[in-house]
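S.K.: One structure coming up, written as structure tokens, with questions to follow.
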Amino acid sequence: MSRSRNTLLRLLHSFGKKVPKYPAILCLDERILQKIYQHLSLVDQVCLSLSCKELYGLFGTIVKHKDLEFPRLLRIRNPILCVNSQDVPRNQLFLRLENRRWAYCARCLKLHPRKEFTRHFPRKSPLERPCTYYSGIADLCPCISLTIRGREQLIKIIKQPAKPAKTRYGPFVYDFDDRGQPGLGHVCEFSTRSGYVVRVALVLVITETGQLCAAARHTIRFSFPGAHFTAEPTFACPHEELLHLVPGNQAVENPHMYQALMASKPHRDILPFVPGRLNLAAFWVVRNLGSCKWPADCPWIDQCRLTGIFFKHYDTYW
């Protein structure tokens, strides 16, 4: 009898080791969990919500906080702004989430599998580490900011269209031009409290030489004459703010002079200001986004926003 009892105790003991213990924090009342949560920083709140399914059910909405959104052109206002600072909550979170599989890219401002990094880049500090040599972010319009991986997805859609052409970067219309050349079209509009509305009509095409090009018409409508003198800046590319090119506002009065001025830039801009319409300005901007080959090249990085330490190396960058 004693031997059977000891055997039973050993079985119960071994079985108990296999049963995982319930986390002590989940034994707390929900009101106590809410009080703990309210005293945490934003990054700690997200990490707590990601720790298990139960806590994600309680606090999971925090991952959609506006300070954790990808910094797009409309949000940062200036495409050459340094946004990979260690003071940015989104970057703090990604650095916290790094592990053996995932690493932070200081130019894409995202987590990538470590196997996608060039061999020697992971040795750099996280806020200086790019995934590839020419990686970066190109702001095409206020709602579309592409990394090189996003560019690859759009190139695949142009070459082999997936209908409907609705991607994570926004809705695109797949169409053909007069020469039968395929492309992706996108239209968006945004307004500011400064008194103007910007409409962007964008087309992405692959040229005969295998370059990905973006042609965009930026139409700016001012709510009152002279609004461009006090309006917030708006950018068509990292090199040029559009409003100061409006005639009468530090403007280049002669469009031919403007074209000559831009001849040395890595893209071609044309400024046809609408005569007789003081409340309307239109800009055509053609940008070469580089070769369609992976991963990227100089024309692509010339169109990208610079971040962090890389910005310091470009004294002539506008």
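S.K.: Reachable aspartates and glutamates from K293, Cα under 18 Å, same-chain residues fewer than 8 places away excluded?
M.R.: Cross-link targets: E116, E152, E208, D302.
S.K.: A follow-up question, please. From the phi angles alone, apply the Karplus equation (6.51, -1.76, 1.60; θ = phi - 60°) to segment 287-302 and give each ³J(HN,Hα) in whole Hz, x where the residue is Gly or Pro.
M.R.: Coupling constants for segment 287-302: 10, 8, 8, x, 5, 7, 6, 7, x, 5, 8, 4, x, 5, 5, 5 Hz.
S.K.: Here's another thing I want to ask about it. Which far-off residues, 5 or more places away or on another chain, put their amide H under 5 Å from the one on L289, with H placed in the peptide plane?
M.R.: Counting only residues 5 or more places away or on other chains, the set is L212, C213, A214.
S.K.: Let me ask another. Quick one: of K64/K156; K53/K156; K66/K124; K124/K156; K35/K66, which pairs are farther than 26 Å apart, Cα to Cα? List each step's numbers first, then the result.
M.R.: Details: K64/K156 29 Å; K53/K156 36 Å; K66/K124 29 Å; K124/K156 32 Å; K35/K66 22 Å.
Checking Cα-Cα distances, K64/K156; K53/K156; K66/K124; K124/K156 exceed 26 Å.
S.K.: Under the classification rounded if a/c is under 1.5, otherwise prolate if a/b is larger than b/c and oblate if not, where does segment 81-158 fall, given a ≥ b ≥ c as square roots of the Cα gyration tensor eigenvalues? Intermediate results must be reported in sequence, preceding the final value.
M.R.: Details: a/c = 1.94, a/b = 1.31, b/c = 1.48.
Oblate.
S.K.: Sticking with this structure for a sec: Whose amide H sits under 5 Å from the amide H of A236, counting only residues 5 or more places off or on another chain, with H placed in the peptide plane?
M.R.: L242
S.K.: Modelled label-to-label distance, Q38 and S223, 7 Å Cα→beta-carbon offset: nm?
M.R.: 3.8 nm
Where a number appears in this text, it was derived from the coordinates with a stated rule and is not lab data. Note that the coordinates shown come from a computational prediction; the quantities given were computed from them, not determined experimentally. Note that we place each Cβ from the backbone using ideal geometry, even for glycine, and neighbour counts take in every protein chain shown.
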